[in-house]
Amino acid sequence: MDQKVSDVKVHKMGAWSPGPGCHGGCGVEVSVKDGKVVNVEGMDDHPWYQGRACARVLAMTQYMYHPDRLKWPQKRVGNRGEDKWQRISWDEAFDICEKRMKEIAEKSGPESIIFTQGTGRDVGGMISFLAYAYGSPNWTMLGLSGHSCFTPQLAAGYVMQGDFSFPDAAQFLPDRYDDPEWKAPEIAISWGSTLNRGCVDHYWSGHWFQDLMKRGTKLIVIDPRCTWEATRAVLWLQPRPGTDGALALAFLNVVTSEGLVDKAFIDKWCSGYDQLAERVKEFTPEWAEKISWVPKEKIIQCARMYAKAKPASIEIGRPVEGNPEGNQVIMNIHRLIAITGNLDIPGGNVICRPAYQVTTYPYSTEEVIQLYGADLHRKLSEKRIGADKYPLVKQFRAWAQEDCIIDQMETGKPYPIKGLWIQANNFLANQAQDTRRHYEASKNLDFVCVVDTFMTPTAQLLADIVLPAASFPEKDSIYCIGGPLNVIHKVVEVEECKSDWEINFTLAKRLNPKAVPWGSVREMLTDRMQPSGYTFEQMVDKVWDLAPKGHKCGSRPYRRFEKGELRKDGKEGFRTPTGKVELFNTSYEGWGLDPLPYYKEITPQGPITTPELYKEYPLIMMTGRRSPVLFHSEHRQIPWLRECDPDPVVELNPETAKEKGISNGDLVWIEGTMGRFRRKAKVTPIVHPKMIMVPHAWWLPETEGKSPNSYGIWDLNCNQTIPMGHQDSAGFGGGPISGMLCKVYKA
Ligand SMILES: Nc1nc2c(c(=O)[nH]1)N[C@H]1C(S)=C(S)[C@@H](COP(=O)(O)OP(=O)(O)OC[C@H]3O[C@@H](n4cnc5c(=O)[nH]c(N)nc54)[C@H](O)[C@@H]3O)O[C@H]1N2
Ligand SMILES: Nc1nc2c(c(=O)[nH]1)N[C@H]1C(S)=C(S)[C@@H](COP(=O)(O)OP(=O)(O)OC[C@H]3O[C@@H](n4cnc5c(=O)[nH]c(N)nc54)[C@H](O)[C@@H]3O)O[C@H]1N2
Ligand SMILES: [Mo]
């Protein structure tokens, strides 16, 4: 929907600021004058945001027209890391990519190119599309050990109840909180999440907690740090990082032993309750206190408050799934949600499916098959890296397993890796744990192409070709993950930047014309939106849309399991093998894994695993708390944003700082068993005296890009001290982004 105000044209978009990154989905108004964006702000009549917009949206003009923005395709003319580039045309860029990729496919097979992305943004659709068109099953988030963002959460929901579930933020209701069907939860738990600072996946509402609190909801917070949410909570649990699994088990112990469960729901809709109750008997609050450092009284209080409230919901943050036993931890949280009767009810945790079942970015196995067909999916699964080792990598969605990819790059077995397609991913500055190992494994590949909006350390160190990507007002795209169907549309062009869809569509057509039957990206997007009945152009006018009540796509809550809206066969129940919420998990049983909850302390270091080391490295490191003005490694160049968050810091408790003779603002080293990195001390009581918090993804674009400086990553990047691996037996769950041991001293 476009409006004209004098000579400025205002375009309304259901955007989510993909390029630069976010998961937010904010509705925005983009003002254009003389072919240039002059202002971006929140859209008042957008039901999800009501005019709110974050600092990153407001700084969009500084981002789009930044002098350092990549403006045209370039090829490397020096050695990797030498910062020597030559401008080339798009034709030449596509020619080079096509030629190199065809040679590699012929000699080594298309599976020998890895296609990697970072977090969602809107790029997951294009990257899987290009990988599958080319014939490579190896679509991944390279470096994110154990795929520890969102996927464990999705996979755990998939095996427990056949669908993902997230807190009910009225994201499926056009009238939102005013809809008579919606209810405010009595209790909402923020479990390792800073929803208020970032825009966590799936919400359409970073301000969800504020909205709930206004409506009477009480908050419980489980976070080692005293966050904004914690200061507003009725109960705050401060666990040792990486021990959420013990807490989840103790909650299950309390609610089952005290009978605080929804018996009617369990009897009709769950299987394996008695076995579950028997198994969790051993995980007492006393047991969990020793592991988690949370007093048993608080554990009991939390379990009772949650279980007695109806409805109640749980928001799960990334650090919980980034736990090495991430998948298992989230499964246990799903067990808790189900047995207390909070699944798919108003104000509980609701099942999330995309509006009309429209997708370009597949989040589930069903969506992969919808987009690419069962045959291709099956065929490509045979060579997907990690599928032979980990059941969920084979069974769920279509990601290749990150840790196994690095092993394979090093060994060449069972087949060699020859190339990398890196799109919206700056893994050497951020996503990769054990950064050095990732660099060594990928620096001699035959072909590396990077698609980004800015020159990054990763592109400098690895790329042969760098392609300039469009930001959101420069592209057509759709977004639909468990909320409304949203589109953004192109209103301006910046230099020679092209959208990720344009780039991948053009290249895919050259590589495999049969896989790209459409004449244009818009035609393809219209085809993808077919289940909604809208064309792309019609959706541009609508801005956003939700499937109406009773629509067969099952994207509108509530209690869909009673109405036969979840299963393909139209029967009531859930999309699991038994049709029930599988507390005793038959999928896990079939894969030879433990079908019931268990606890394993597999954080590689810590007071329990390595008590001797703990004496030498007495602090527990957490990393990655989100900055509201930065998105991962992005935005360090944007003046308004950098001014708000200027320095790479480490948060230290005043007690810890005093003991080490460190003052606020001092430069300090943080050293672990794998090495050290440098930060500026930020002395703050919000962290526990035995812990530190390190914001991640820092690099300094204002310094030299040439190796060895490489924009300062080897000096600043905390992920150099975090090992890969350690995921659970299903293949997901993290490298220890939280929980490594370290010491801190003045630089
Ligand atoms: N220590 C630590 N490390 C972490 C985390 C943590 O908590 N602690 N969090 C992890 C998590 S959860 C995630 S998801 C990863 C995220 O990691 P990534 O998503 O890979 O984030 P970035 O490193 O910022 O790299 C993204 C790149 O994409 C570019 N970009 C932005 N928009 C677009 C676009 O539209 N098109 C293209 N082509 N490029 C674009 C940006 O300029 C940037 O260079 O980081 C992980 N790393
Ligand atoms: N502005 C902005 N927004 C973002 C992002 C961004 O970079 N910038 N990144 C996006 C991405 S990809 C993601 S995955 C989400 C992540 O967003 P969140 O899931 O909120 O993750 P974090 O901010 O890393 O950490 C949330 C809280 O968990 C606590 N924590 C750390 N370790 C543990 C632990 O072991 N257990 C528990 N219970 N808590 C712990 C931290 O202290 C922190 O307060 O944010 C998204 N939104
Ligand atoms: Mo993430």
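The values are calculated or read from the model by the stated rules, or taken from the named source; none is laboratory data. Keep in mind it's a predicted model, so treat the numbers as computed, not measured. Glycine also receives a Cβ, built like all others from the backbone with ideal geometry; neighbour counts cover every protein chain displayed. What goes into the accessible areas is simple: the full protein's heavy atoms, side chains included, and nothing from ligands, DNA or RNA. Shrake-Rupley method; radii C 1.70, N 1.55, O 1.52, S 1.80 Å.
Structure notes:
- Considering region 600-639, and only residues there that are of a type in the set (Phe, Trp, Tyr) and away from ligand 2 (no atom under 13 Å from the Cβ), the residue that is surrounded by the fewest Cβ atoms within 10 Å (Cβ to Cβ) turns out to be Tyr614.
Yes or no, residue by residue, for (1) within 24 Å of Val320 (Cβ to Cβ); (2) crowded, with 18+ Cβ neighbours inside 10 Å:
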| position | (1), (2) |
| --- | --- |
| Ala657 | no, yes |
| Trp669 | no, no |
| Ala681 | no, yes |
| Met691 | yes, yes |
| Ala697 | yes, yes |
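- Test result for Ala105, closer than 27 Å to Gln637 by Cβ and either modelled with pLDDT of 95 or more or within 16 Å of ligand 1 (Cβ to nearest atom) (or both): no
- Residues in region 449-466 that are in a strand (DSSP E or B), under 24 Å from the mean Cα position of the chain (by Cα) and touching a residue at least 60 places away in the same chain (Cβ under 8 Å): Cys449, Asp452, Phe454.
- Top-ranked residue of region 440-472 - restricted to ones that are among the hydroxyl-bearing types (Ser, Thr, Tyr) and touching a strand residue (DSSP E or B) at 6+ places or on another chain (Cβ under 8 Å), ranked as surrounded by the fewest Cβ atoms within 10 Å (Cβ to Cβ): Thr453
- Criterion applied to His46, His66 was being open to solvent by less than 20 Å² (accessible area, probe 1.4 Å), outside the structural domain of Tyr177 (by TED's automatic domain parsing) and in a loop (DSSP other than H, G, I, E, B), and the one residue passing it is His46.
- Of all residues in region 406-445 being of a type outside the set (Gly, Ala, Ser) and in contact with a Gly (Cβ under 6 Å, 6 or more places away or on another chain), the one that is farthest from Arg76 (Cα to Cα): Gln433
- Of the residues contained in region 105-121, one or more are found to be surrounded by fewer than 23 Cβ atoms within 10 Å (Cβ to Cβ), among the polar types (S, T, N, Q), under 17 Å from the mean Cα position of the chain (by Cα) and part of a loop (DSSP other than H, G, I, E, B).
- Listed conditions (1) among the small types (Gly, Ala, Ser); (2) out of contact with any strand residue (DSSP E or B) (no Cβ under 6 Å at 6 or more places or on another chain); (3) more than 30 Å from Leu593 (Cβ to Cβ) are all met by Gly731, apart from (3).
- Elements of type helices (runs of 4 or more DSSP H) in region 171-269, at least 1 residues being at pLDDT 95 or above and touching a Cys at 6+ places or on another chain (Cβ under 8 Å): 244-257
- Unique match (being in contact with a strand residue (DSSP E or B) (Cβ under 9 Å, 6 or more places away or on another chain), at pLDDT below 95, over 30 Å from Phe94 (Cα atoms) and open to solvent by 60 Å² or more (accessible area, probe 1.4 Å)) among Lys552, Lys568, Lys542: Lys542
- Residues satisfying the stated conditions in region 720-745, i.e. of a type outside the set (Val, Ile, Thr) and not in a loop (DSSP other than H, G, I, E, B): Gln720, Met740, Leu741, Cys742, Lys743, Tyr745
- Checking each residue in region 571-599 for being open to solvent by 60 Å² or more (accessible area, probe 1.4 Å) and within 27 Å of the chain's Cα centre (by Cα) picks out Arg575, Trp591.
- Meets criteria (touching a Ser or Thr at 6+ places or on another chain (Cβ under 9 Å), assigned to a loop (DSSP other than H, G, I, E, B) and farther than 20 Å from Lys218 by Cβ) for Pro324: yes
- In this entry, Ile114 passes the filter for residues that are in contact with a Leu (Cβ under 7 Å, 6 or more places away or on another chain), more than 16 Å from ligand 2 (Cβ to nearest atom) and among the β-branched types (Val, Ile, Thr).
Residues checked against (1) touching a strand residue (DSSP E or B) at 6+ places or on another chain (Cβ under 9 Å); (2) on the phi > 0 side of the Ramachandran plot; (3) open to solvent by 40 Å² or more (accessible area, probe 1.4 Å); (4) part of a loop (DSSP other than H, G, I, E, B):
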residue	(1), (2), (3), (4)
Gly347	yes, yes, no, yes
Arg353	no, no, no, yes
Arg378	no, no, yes, no
Glu382	no, no, yes, no
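- So Ala170, is it among the small types (Gly, Ala, Ser), more than 16 Å from ligand 2 (Cβ to nearest atom), open to solvent by less than 10 Å² (accessible area, probe 1.4 Å) and within 27 Å of Lys218 (Cα to Cα): yes
- Per-region count, region 404-432, residues within 15 Å of ligand 1 (Cβ to nearest atom) and either part of a strand (DSSP E or B) or at pLDDT below 95 (or both): 4
- Residue match in region 728-744 (condition: at pLDDT 95 or above and open to solvent by 20 Å² or more (accessible area, probe 1.4 Å)): yes
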